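Read the structure below first, then the notes.
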Amino acid sequence: MFLEKRPEKLIDKKGLRTDGRKPDELRPIKFEVGVLGNADGSARVQQGKTIILAAVYGPREVHPRHLALPDRAVLRCRYHMAPFSVSRRKSPAPSRREMELSKVIREALEPAIFLERYPRTSIDLFIEVLQADGGTRCASISVASLALADAGIPMRDLVAACAAGKVDGKLVVDLNDVEDKYGEADVPIAMMVGLNAVTLLQMDGMLDPKEFRTALNMAVEGCRQIYEMQKEALKEKYALIREELEK
Ligand code: UDP
């Protein structure tokens, strides 16, 4: 991984971060739903400088057929970073990290989907990171859950994801790339906010138990805010369709 030079300070004298945010402030986030004509469902997110597209096909017949399950649909997920998404060209071939993230993202979404309603089918999810500036697993989960909803796939709830962590000894939410690389810890979580159920919890780095609890609460609050934005983005799509129909 290409490491840019570490900024002298990750938190300045005023307590602000490298991008001017307060410790508990999310990056500006914009979700759009139904952005691709050829997928069954799609969504796009811009979270600070991170930009990700998600496309969903299905439920549809599984190929190869032996992968089909008799009692539920299989969710297949491919997380991929475009070669131009990071400052040093990334090989387009799937890396170990991308394989791991594909699995992590799939497992964070599976509990939300009524897979048992579609036996012998597959739901295929493609995630393309167009620009990466940290936090791509969380942004991928949030945007993928919108693409699944856009495809009309019945779900228990939307899944919202957000990380909290520690940089220069200070707990912060929604880490960007330099904070992720040079910070002391990163705790990404995903949750079905309406059901108060966590579907992903990871931790990289070191935190004491008190710091961990505070970071977890900060990430949960981040998920709550993202969940509201997700619902707004879904409603916006239908408001636009309504406007078109009423013309
Ligand atoms: N990254 C990079 N090159 C790579 C992979 C990752 O520059 O080949 C950067 C990218 O900005 C990414 C960040 O490192 O968002 C952190 O990656 P990590 O594996 O922690 O996952 P993420 O925080 O994106 O979920």
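The values are calculated or read from the model by the stated rules, or taken from the named source; none is laboratory data. None of these values were measured; they are calculated from a predicted model. Cβ sites come from the backbone with ideal geometry, for glycine too, and all protein chains shown count toward neighbours. Heads up: the accessible areas ignore ligands, DNA and RNA and are worked out on the full protein's heavy atoms, side chains in. Shrake-Rupley method; radii C 1.70, N 1.55, O 1.52, S 1.80 Å.
Descriptive notes on the structure:
- Set Arg27, Arg88, Arg78: member being open to solvent by 90 Å² or more (accessible area, probe 1.4 Å), within 16 Å of the ligand (Cβ to nearest atom), within 18 Å of the chain's Cα centre (by Cα) and not hydrophobic (A, V, I, L, M, F, W, C): Arg78
- Filter pass, Lys181 being open to solvent by 40 Å² or more (accessible area, probe 1.4 Å) and more than 16 Å from the ligand (Cβ to nearest atom): no
- When Ala197 is tested against (1) open to solvent by 20 Å² or more (accessible area, probe 1.4 Å); (2) farther than 24 Å from Leu109 by Cβ; (3) not basic (Lys, Arg), only condition (2) is not met.
- Taken over the range 137-173, the criterion of being within 13 Å of the ligand (Cβ to nearest atom), open to solvent by less than 10 Å² (accessible area, probe 1.4 Å) and not hydrophobic (A, V, I, L, M, F, W, C) is satisfied by Ser140, Ser142, Gly165.
- In the range 201-215, the residues that are more than 11 Å from the ligand (Cβ to nearest atom), surrounded by fewer than 23 Cβ atoms within 10 Å (Cβ to Cβ) and not β-branched (Val, Ile, Thr): Leu201, Met203, Met206, Leu207, Asp208, Pro209, Lys210, Glu211, Phe212, Arg213
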